[in-house]
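J.: Quick one: this structure, given as structure tokens, is what I'll be asking you about.
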Amino acid sequence: MNSSQDSTDHRSGFACFVGRPNAGKSTLTNALVGTKVAITSARPQTTRHTVRGIVHRPDAQLILVDTPGLHKPRTLLGQRLNDVVRTTWAEVDAIGFCLPADEKTGPGDRFIARELARIKGTPKIAVVTKTDLVDNETLAERLIAVDRLGKEVGIEWAEIVPVSAVAGEQVELLADLLVPLLPEGPQLYPEGDLTDEPEQVMIAELIREAALEGVRDELPHSIAVVVEEMLPREDRPADRPLLDIHANLFIERPSQKGIVIGPGGRRLKEVGTTARRHIEALLGTPVFLDLHVKVAKDWQRDPKQLRRLGF
Ligand SMILES: Nc1nc2c(ncn2[C@@H]2O[C@H](COP(=O)(O)OP(=O)(O)OP(=O)(O)O)[C@@H](O)[C@H]2O)c(=O)[nH]1
């Protein structure tokens, strides 16, 4: 051990956050990574893709895998999502179980805790999220309840950590606690990489997030987005580039078209504007977004369509 470059000084590995829908997993991933990579929403089960955020530190590289929420499968998509979750759990070096501070332990938490208890060998940190929403007394009660939940299902928590991703409280500490759980090893990703999601998938997620805004009650899980083409516009001066992005927004039934497009096409226009702003922030280049709404009948139940839409 003669230099700080020695790989035994450096740790690298994978962690994932689990927890019931809306527990704050995506927001926490974003807070740790420091940029918007996972998709957050005020409605459950909108994180479909396994998005990795990468925390680069001098002493470690922590790769965060953001899984969709585990839930009762009602469709083929639901089943596939649960498979993705379990496979991820078995593969990571550490698991953070997110439990919102402002809600009591519920059947959903118990279901996940029992499933988690079956994954032996992987250290588990209980992360009590959204602490900015509760007073100290409630937080203390919640911490005790989480401790009790661990005992009830047979999980020995490596740590119990209260955090607020929104207020940025204890987020750094959580990283400090996760790092020692990773194996020793060199950097796995180049410095500067924040995620290994293909750009196109991230762009599709940004569009889907914008499209769901305000209509989640009407179209909870019915929207899928596929980026068909991304091309730099020709005949543009080098200092004023423009990226043309063509994307299709799929819905399940013709009757949903009106909801997405809105009166006089106003909603779709807003969706396009919002998504374009986020994409431009992500890519750092001006974008022309061409968005089309298409019906893919009952895509959630059709294996062929699911594959085409990237699931
Ligand atoms: N006040 C507060 N709100 C939070 C915090 N973390 C997350 N939220 C909110 O809680 C809601 C759910 O957060 P997400 O990060 O999307 O939750 P998730 O667990 O990834 O949800 P799914 O993708 O549905 O599994 C969003 O409205 C967030 O803004 C926090 O630390 N404080």
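J.: Could you check Gly121 against (1) surrounded by fewer than 16 Cβ atoms within 10 Å (Cβ to Cβ); (2) part of a helix (DSSP H, G or I) and say which number it fails?
T.: (2)
J.: Would you check which residues across region 99-127 are more than 10 Å from the ligand (Cβ to nearest atom) and closer than 23 Å to Ala31 by Cβ and list them?
T.: The answer is Leu99, Glu103, Gly108, Asp109, Ile112, Leu116, Thr122, Pro123, Lys124, Ile125, Ala126, Val127.
J.: It is to be established whether one or more residues within region 3-20 are within 12 Å of the ligand (Cβ to nearest atom), modelled with pLDDT of 55 or more, of a type in the set (Lys, Arg) and assigned to a loop (DSSP other than H, G, I, E, B). Full working, then the answer.
T.: Initially, region 3-20 is screened for residues within 12 Å of the ligand (Cβ to nearest atom), giving 16-20.
Of the ones still in play, those that are also modelled with pLDDT of 55 or more are 16-20.
Filter once more, so that each one left must be of a type in the set (Lys, Arg): 20.
Filter again for assigned to a loop (DSSP other than H, G, I, E, B), leaving 20.
Yes, region 3-20 contains at least one residue that is within 12 Å of the ligand (Cβ to nearest atom), modelled with pLDDT of 55 or more, of a type in the set (Lys, Arg) and assigned to a loop (DSSP other than H, G, I, E, B).
J.: Still on this structure, please answer the following. Scan region 87-100 and give yes if some residue there is modelled with pLDDT of 95 or more and over 19 Å from Leu62 (Cβ atoms), otherwise no.
T.: Within region 87-100, one or more residues are modelled with pLDDT of 95 or more and over 19 Å from Leu62 (Cβ atoms).
J.: Among (1) among the hydroxyl-bearing types (Ser, Thr, Tyr); (2) surrounded by fewer than 12 Cβ atoms within 10 Å (Cβ to Cβ); (3) within 18 Å of Glu209 (Cβ to Cβ), which single condition is Thr274 missing?
T.: (2)
J.: Regarding region 247-263, can at least one residue be identified that is farther than 19 Å from Arg216 by Cα and either among the polar types (S, T, N, Q) or touching a residue at least 40 places away in the same chain (Cβ under 8 Å) (or both)? Steps first, please.
T.: From region 247-263, those farther than 19 Å from Arg216 by Cα are 247; that's our starting set.
Still in the running and either among the polar types (S, T, N, Q) or touching a residue at least 40 places away in the same chain (Cβ under 8 Å) (or both): 247.
Yes, the conditions are met somewhere in region 247-263.
J.: Still on this structure: Could you check region 140-169 and list, in sequence order, the residues that are closer than 23 Å to Arg114 by Cα, surrounded by fewer than 18 Cβ atoms within 10 Å (Cβ to Cβ) and within 15 Å of the ligand (Cβ to nearest atom)?
T.: The answer is none; no residue qualifies.
J.: Determine whether Ala275 is in contact (Cβ under 8 Å) with a residue 40 or more places away in the chain and in a strand (DSSP E or B). Break it down stepwise before answering.
T.: Numbers: in contact (Cβ under 8 Å) with a residue 40 or more places away in the chain: yes; in a strand (DSSP E or B): no.
Answer is no for this residue.
J.: Let me ask you something else. Could you check Val84 against (1) away from the ligand (no atom under 15 Å from the Cβ); (2) modelled with pLDDT under 80 and say which number it fails?
T.: If we test Val84 against (1) away from the ligand (no atom under 15 Å from the Cβ); (2) modelled with pLDDT under 80, just (1) comes out false.
The values are calculated or read from the model by the stated rules, or taken from the named source; none is laboratory data. Predicted model, so just to flag it, every value in this text is computed and none were measured. Quick reminder, even Gly has a Cβ in these numbers, built from the backbone with ideal geometry, and neighbours come from all protein chains shown.
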